[in-house]
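The structure under discussion is supplied below as structure tokens; questions concerning it will follow.
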Amino acid sequence: MGLLEGRVALVTGSTRGIGRAIAERFAAEGAAVVVNGRRAEDAERVAAELGGSAVGLAADQRSLDDVRALCARAVELVGPIDVLVNNAAISRRSAITRVTDEEWNDCLLVNLTAPMWYVRELVPGMKRLGRGAILNITSSAGIDGQPGFSSYSAAKGGLNALSFTLAKELIGFGIRTNVLAASAYTDMMRQLPTEIFDPEANPQPSVEENAATALRLCADPALNGECWSVGQERELPPLG
């Protein structure tokens, strides 16, 4: 029996990078996984590669209509979702005096508002089940800040605050909420110039290590309101 046997998990932004690694790990642990990306063909291809009960569905994270349609379709195809991983994200690099309204609004929509939309759509079903696990993928930028990334840092900081509020508000319904301050050398990080981030001087955990931490946060019934970075799961005894 896998740690997520019988569970249904939606992982946003899961056609590549950390999101894909999480989808792969969750599928390996027995979950029926809903793979999500901006392009239907990418989401469907990754779902086919995962096999089992995985399905691929597209959504523009900036569109409430898309989010609602994805959630409804996912429930139709694989059943009530009781594990939600809000992983989809974008970043925009601009000095604070040059941040455009479009950059600011896009970052907040994708990184903060969309996760709230998914929670609002899926929590009623979790309440009916009497269980649920929400994992919001954030960043150290939302804790310590990152010069040149004010919109991204603000959105991730807001997602941290939202997560801790959900942890207090929903635990009485059997729904846990945790945070993973993820870090890996993915496409998003590759856009940074070396004066901001040098991968040789700052080696990062693998996407698989991030997925292992995500699994622990979603599968361990004792964890609620936690904010972890990769490696913290080694400080606790193994599940099972």
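Would it be correct to say that SER206 is surrounded by fewer than 19 Cβ atoms within 10 Å (Cβ to Cβ), within 23 Å of ALA31 (Cα to Cα) and at pLDDT below 95?
Against the criterion (surrounded by fewer than 19 Cβ atoms within 10 Å (Cβ to Cβ), within 23 Å of ALA31 (Cα to Cα) and at pLDDT below 95), SER206 qualifies.
Would you pick out the residues in the range 85-133 that are at pLDDT 90 or above and assigned to a strand (DSSP E or B)?
VAL85, ASN86, GLY132, ALA133
Of the residues that make up the range 136-156, is at least one outside any helix (DSSP H, G or I), among the β-branched types (Val, Ile, Thr) and surrounded by 20 or more Cβ atoms within 10 Å (Cβ to Cβ)?
For the range 136-156, residues outside any helix (DSSP H, G or I), among the β-branched types (Val, Ile, Thr) and surrounded by 20 or more Cβ atoms within 10 Å (Cβ to Cβ): present.
Checking THR194 against (1) modelled with pLDDT under 95; (2) assigned to a loop (DSSP other than H, G, I, E, B); (3) under 28 Å from ALA9 (Cα atoms), which single condition isn't satisfied?
The number of the failed condition is (3).
Quick one: which residue in THR100, THR165, THR138 is touching a Ser or Thr at 6+ places or on another chain (Cβ under 8 Å), without any contact (Cβ under 8 Å) to a residue 12 or more places away in the chain and not charged (D, E, K, R)?
After ruling out the rest, the residue left standing is THR100.
Which condition breaks for ILE81 when tested against (1) closer than 21 Å to GLY174 by Cβ; (2) touching a strand residue (DSSP E or B) at 6+ places or on another chain (Cβ under 6 Å); (3) without any contact (Cβ under 8 Å) to a residue 24 or more places away in the chain?
Tallying (1) closer than 21 Å to GLY174 by Cβ; (2) touching a strand residue (DSSP E or B) at 6+ places or on another chain (Cβ under 6 Å); (3) without any contact (Cβ under 8 Å) to a residue 24 or more places away in the chain, ILE81 fails exactly one: (3).
Taking ALA9, is it over 16 Å from ILE90 (Cβ atoms), out of contact with any Leu (no Cβ under 7 Å at 6 or more places or on another chain), part of a strand (DSSP E or B) and at pLDDT 95 or above?
So ALA9 passes the test.
Considering each residue of the range 18-69, count those that are assigned to a strand (DSSP E or B) and aliphatic (A, V, I, L, M), and give that number.
The qualifying residues number 7.
The values are calculated or read from the model by the stated rules, or taken from the named source; none is laboratory data. This is a predicted model, so every value here is computed, not measured. Here the Cβ is made from the backbone with ideal geometry for all residues, glycine too, and neighbour counts use every protein chain on show.
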